[in-house]
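The values are calculated or read from the model by the stated rules, or taken from the named source; none is laboratory data. Everything numeric here is computed off the predicted structure, so don't read it as measured data. Note that we place each Cβ from the backbone using ideal geometry, even for glycine, and neighbour counts take in every protein chain shown. Note: accessible area is taken over every heavy atom of the protein model, side chains too, but ligands, DNA and RNA are not part of it. Shrake-Rupley method; radii C 1.70, N 1.55, O 1.52, S 1.80 Å.
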Amino acid sequence: MGYIGSAVKRVEDKRFLTGKGQYTDDIVLPNMTHAVIVRSPHAHATIKSIDASAALAHPGVVAVFTGQDMVDDGIASLPNGWAIGEDQNEPPHYPLAPDRARHVGDGVAVVIAEDKATAMDAAEKVVVDYEVLPSVTSSEVAIAPGAPLVHDDAPNNTSFLWELGEKAATDEAFEKAHHVTTLEFVNQRLVANAIEPRSAIGDYNPYRDDLTLYTSSQNPHLIRLLMCAFVMGLPEHKVRVVSPDVGGGFGSKIFHYPEEVICAWTTRKLGRPVKWTAQRSESFLTDCHGRDHISKAEMAFDANGKMLGLRVKTLANLGAYLSTFSCAVPTYLYGTLLAGQYTTPNIYVHVTGVLTNTTPVDAYRGAGRPEATYLVERLVDLAAHEMDMDPAELRRKNFIPPDAFPYDTPVALQYDSGNYERALDKALEMIDYTKLREQQRKALLDGKLIGIGFSCFIEACGIAPSKVVGLLGARAGLYESASIRVHPTGKVQVFTGSHSHGQGHETTFAQIVATELGLDLGDVEVVHGDTGQIPFGMGTYGSRSLAVGGSAIVKALDKIKAKARKIAAHKLEAAEDDLEFTDGNFIVKGTDRSVAFGDIALTAYVPHDYPEGVEPGLEENGFYDPVNFTYPFGTHISVVEIDRETGKVDLLRYVCVDDVGNVINPMIVDGQMHGGIAQGIGQALYEGAHYDEDGQFITGSFMDYNFPKADALINFETDRTVTPCPHNPLGVKGAGEAGAIAATACVANAVMDALYHRGVKDLPMPLTPERVWKALNSNGHA
């Protein structure tokens, strides 16, 4: 099997660990200028006038531009990448607001100077005359009669109404129910906080009339397409987008941001490179936020604990503008996952997409799947308490059995494979569940509050196929591309449309190619992130890279091997069918006659002894458009202890058994799980973004926005089952988001398990010591 399945150390880590990575802000171009955005301090305000005279007179200032300048020059709105129905309200989102600021941090002007410090000083001299308007930040308040309108052409602040499932059948199931569990809750707003702030550099060459945009993006080709086709009207072949090393994204760097357009437009106006890099305070205000759902959910059961129906109503806060994929997250990435791992026969979900005077909301690690999992798994745990059933056995009773696949859910998906009970059993064994429950009972007698939480999750990765998602509103294809170039010496370059920003693609993709061609790992280089080098690809998000991008590489590899086989057959004077390819050599079956892959590569470029009708060279492209999502799943179990005196929640154990299909590099998969779990715990216990009644963002720094620190986490105990995906050539499913999807519900359930006997059925996240302490000291009425 070569390198596949081996815990190979990441080849890219040498440059990262030695400080030699090159991020966008590291790039210094000749004659480069620096941009600072003047941002609105108000949540909602009319821009009456902008006086830039003092800023322009400041020494070292090159130019000042406003939103109206950009509109007058033909710059259009940033596009919504996913339409939800023909009646959707899609208000414009200009790179700089020309008339009205609609959230704190909304850009209204840009100052460009010879250095960043000068630009920052000059930006403070730009005088903006605002007329402050009433604002609204809560989705509940925003849709209430008489609420201030974020956009005049979006009545009731509603962008869309969306539903999925059979309402009548679901209502009928509830009428027959023996027990109904109800939960009303907020899945709170989060800030991604990638370690590298966003950055962009526009570099226009007037002599060639071409533009290069360097940007910290997960998605360079999509940025080029949207910017050229929708916003700036530039010829695509004259624009190159480069995403070099990117310091984390978690979804927040998928989208087309205003600053990319600002840098691209201003460099064309000035004929000089323009760089913008966010301050951390800007990242809090302008990086797309995540989550922010208000939901009412009901789950119906029969007398034996079998699920009969699920009914959900959700308000999804979209922020002030529609970000690139914001409309897909609370609809097709959320509602379609509400079946979970269960045989619930009737499900109905209604979602209202709401516009508010807040930072736009879009995909954040998991993107809709964590929200769905939290809803379903909290309901199941609460139902188990209410019906006095063991939460593990209630889940087992309702699992989709392994012989039922492929399984059609009532919310539009067809699960391809799975064995949920096996993952549950393995997790129960790892944590020694029977003994653990006994320890919990004894601890309670000693006055200790121990809680055990479950999360049996499923996710849909590798959104596909393009034809189907196009019918559902996607305004882009969702395939992936790869090009493989074999050099005359047998060394290989892989050009992938996927983008790596921490996932380890340079290692994992090289493992696949080295294994398939019988090469040393060091003989394979993976190239990504540059539209001038790679074939048109769709970037990295939704745990798609290996399932979709890796499969595109396999498609290209198949063509490489097929051509190499023709050359080998000619050189060995044998039929192609008589050859086998092993350890980098073509061997005539039953003989010792062979030719090495390196010799084939040289022959392809020096075709003196060459088969008729075969083109010289050894380079092939591959595109892969999946026939279905992939469906990773697993069982996570956590154990917490609550300090009665302070309300502090301590994590004692965390066990997870995940099934991501076949595994290329187990060390990288474990690393992805660890990181995702930490982020999921962050939402459960620490993180939450908040606005005050005036629309001011009051958690806009690390002094106010908490997140998990190393000393708050423990060693996560990871294991796997393997149920290969049946419809992609690698049998892989995706691993990047699973931890974040499962962990939030898992830890919240553990906390509620510890408190349920005190009359506490639910608490809002994050489950801070203050909230937990108040619940403990108010007779369960938190």
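State yes or no: is N304 over 16 Å from K167 (Cα atoms), under 18 Å from the mean Cα position of the chain (by Cα) and of a type in the set (S, T, N, Q)?
no
Any residue in the range 370-385 that is without any contact (Cβ under 8 Å) to a residue 24 or more places away in the chain sitting within a Cβ distance under 6 Å of a residue that is open to solvent by 10 Å² or more (accessible area, probe 1.4 Å) and assigned to a helix (DSSP H, G or I)? List the pairs, counting only those 6 or more apart or interchain.
A384/P391
Being under 29 Å from G418 (Cβ atoms) and open to solvent by 10 Å² or more (accessible area, probe 1.4 Å) narrows it down to one residue among I741, I698, I714; which is it?
Step by step, each of I741, I698, I714 is checked, and only I714 is under 29 Å from G418 (Cβ atoms) and open to solvent by 10 Å² or more (accessible area, probe 1.4 Å).
Taking into account only those residues within the range 576-611 that are among the aliphatic types (A, V, I, L, M) and open to solvent by 50 Å² or more (accessible area, probe 1.4 Å), which is nearest to Y624 (Cα to Cα)?
Filtering first and then ranking leaves L602.
Considering only the range 491-521, how many residues are polar (S, T, N, Q) and touching a strand residue (DSSP E or B) at 6+ places or on another chain (Cβ under 7 Å)?
The qualifying residues number 3.
Yes or no: the range 673-691 includes at least one residue that is free of Cβ contacts under 8 Å to residues at least 60 places away in the same chain and surrounded by fewer than 24 Cβ atoms within 10 Å (Cβ to Cβ).
No: the range 673-691 contains no residue that is free of Cβ contacts under 8 Å to residues at least 60 places away in the same chain and surrounded by fewer than 24 Cβ atoms within 10 Å (Cβ to Cβ).
Do we have A316 as buried (at least 24 other Cβ atoms within 10 Å of the Cβ), under 19 Å from L78 (Cα atoms), in contact with a His (Cβ under 6 Å, 6 or more places away or on another chain) and touching a residue at least 24 places away in the same chain (Cβ under 8 Å) here?
For A316, the condition - buried (at least 24 other Cβ atoms within 10 Å of the Cβ), under 19 Å from L78 (Cα atoms), in contact with a His (Cβ under 6 Å, 6 or more places away or on another chain) and touching a residue at least 24 places away in the same chain (Cβ under 8 Å) - is not met.
Could you give me the residue pairs with C-beta distances under 8 Å whose first residue belongs to the range 141-153 and is more than 18 Å from D694 (Cβ to Cβ), whose second residue is surrounded by 12 or more Cβ atoms within 10 Å (Cβ to Cβ) and among the basic types (K, R) wherever it lies, and which are 6+ apart or on separate chains?
Taking only residues 6 or more apart or on different chains, the pairs are H151/R102.
Please specify each residue of the range 505-529 satisfying the condition of being in contact with an Asp or Glu (Cβ under 7 Å, 6 or more places away or on another chain), open to solvent by less than 20 Å² (accessible area, probe 1.4 Å) and closer than 17 Å to S243 by Cβ.
Matches in the range 505-529: V526 only.
Name the residues in the range 98-128 that are out of contact with any Ser or Thr (no Cβ under 7 Å at 6 or more places or on another chain) and open to solvent by less than 10 Å² (accessible area, probe 1.4 Å), would you?
Within the range 98-128, G107, V111, A119, A122 meet the criteria.
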